[in-house]
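J.: What follows is a single structure, and I will ask about it in a moment.
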Amino acid sequence: MNARLRIPAEWERHEACWLAFPHLANEWPLGLASAQKSVAELCRAIAGPGGEPVRLLVRNAEVERRARALVGASADVEYVPAAYGDCWLRDTAPLLGHDAEGALGGLRFRFNGWGGKFPMPFDDTVGDWFLAHVGARGATSPLFMEAGGLETNGAGTFVTTDSCALNDNRNPGLTREAFKRNLGDLVVVERLISLRRGLDHDHTDGHVDMIVRFCAVDTVLCMRPAEGAVAAPVLREIVTTVQDEGLSVLLLPPPPDLADARGAPLPATYCNFYVANRAVIVPTYGVAEDHEALDVLGAAFEGRDVIGLPAHDLLCGGGAFHCVTQPQPAAP
């Protein structure tokens, strides 16, 4: 029996999408209420036109009341009480897949608050609760890592960044070869593509879900290097690397350089979209580039609706729609 998990591509069918409602005011100094409204709007989009039931973690009865008031009664949302840190379930919940027998399992990395920068109570334990709640077997890695640092095509190819996976604040002394070997012990890995680094100003040390996303087995979406833009050199390096690996590249526009209310630069991206069963939910920023990004993604995911939602408020907390979602794949 092959106990390794096949991690599906995100465009494969989901049984549900898991999210967590923001509740820690100190993690949102520029506005917890705005972050809560953004997550509520995302829940409605996924559960409505996205065609996917939502299971929303809520910390307590007061948080649940707030969530229900913002989400509304019409959405297909189940409220699940749990102990968790904040809303970044992509990184704190296990990455789900199935073994060769079709049994649900979850790739569970060790978690240290994104390299020790943002420790929150229960973020290192919610993954174990999650596995028990969904009845999944845990595939537990000895490595410190987050699922937002991995992207897969569902056919054994993974993309990651050295700046995250090999960072001394997670896995000091680890090599690319050792990372691939450790990953391959638990999940089906045919090829690992390692990028040197991700976006500047990314709190996660450069998660790959901000820069490279698969839209087909052999095709990725990357942001176009815009002349003179701060991110142009790293985007140019990313595009060259994935092309050298034989992947086709579709180019999204880069958003203009954005900042939060205090003037701190933000890692704005169109790559942090979520692929639901019937729609693609795309972060937008109220800029002209939004329209081109939606057009490119509409062509890349033909047959799905493309829904742009404002993402600036979530981005001020460190991520966007992919960062706060964790799909539960349907049984094969």
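The values are calculated or read from the model by the stated rules, or taken from the named source; none is laboratory data. As the structure is a computational prediction, the values presented were derived from the model and not from experiment. For neighbour counting, all protein chains shown are included, and Cβ atoms are generated from backbone atoms with ideal geometry for every residue, glycine included. Calculation scope for accessible area: heavy atoms of the full protein, side chains included, ligands and nucleic acids excluded. Shrake-Rupley method; radii C 1.70, N 1.55, O 1.52, S 1.80 Å.
J.: Counting only protein heavy atoms and a 1.4 Å probe, tell me what percentage of the chain's accessible area is made up of carbon and sulfur.
T.: On the way: 6330 of 12660 Å².
That fraction is 50 percent.
J.: Where the convex hull is taken over the Cα atoms of the range 38-185, what is its projected area averaged over directions, in nm²?
T.: That works out to 9.8 nm².
J.: Translational diffusion coefficient, Stokes-Einstein: compute it for the range 157-234 using the Kirkwood radius over C-alpha pairs as Rh, at 20 °C and 1.002 mPa s, and state it as an integer in µm² s⁻¹.
T.: In µm²/s, the coefficient rounds to 157.
J.: Could you give log10 I(q)/I(0) at q = 0.06, 0.08, 0.10 Å⁻¹ for the chain, computed by the Debye formula over C-alpha point scatterers of equal weight, without solvent?
T.: -0.18, -0.32, -0.52
J.: Solvent-accessible area per residue for the range 7-85 at a 1.4 Å probe radius, Å²?
T.: Using a 1.4 Å probe on heavy atoms only, each residue of the range 7-85 averages 40 Å².
J.: Please state the charge dipole magnitude for the chain, taken about the Cα centre, from unit charges on C-beta atoms (+1 on K and R, -1 on D and E), reported in debye and rounded to the nearest 20. Intermediate values should be presented prior to the final figure.
T.: Numbers: 28 positive and 42 negative charges, 119 e Å.
With Lys and Arg at +1 and Asp and Glu at -1, about 580 debye.
J.: Summing -39500 (n - 2.57) over the DSSP H runs of n ≥ 4 in the chain and dividing by its residue number, what mean residue ellipticity at 222 nm do you reach, to the nearest 500 deg cm²/dmol?
T.: -7000 deg cm²/dmol
J.: Given a 10 angstrom Cα cut-off, can you work out which residue in Ala25, Ala268, Ala279 is the most mobile in a GNM of the chain?
T.: Greatest mean-square fluctuation among the candidates belongs to Ala25.
J.: Just to confirm, what accessible area per residue do you get for the range 115-220 at 1.4 Å probe, in whole Å²?
T.: With all protein chains present, the range 115-220 gives 38 Å² per residue.
J.: Work out how much length Ala25 to Lys117 would gain on full extension: take 0.36 nm times their residue separation and subtract the Cα-Cα distance, in nm to one decimal.
T.: Full-extension gain reported as 31.4 nm.
J.: While we're looking at this one, here's another question. With a probe of 1.4 Å, find how much accessible area the range 222-292 has per residue, and write the answer as a whole number in Å².
T.: Values: 2950 Å² over 71 residues.
Normalised by residue count, the accessible surface of the range 222-292 is 42 Å².
J.: On a full-extension model of 0.36 nm per residue, what is the gain between Asp185 and Arg65, subtracting their alpha-carbon distance, rounded to one decimal in nm?
T.: 38.9 nm is the gain from fully extending Asp185 to Arg65.
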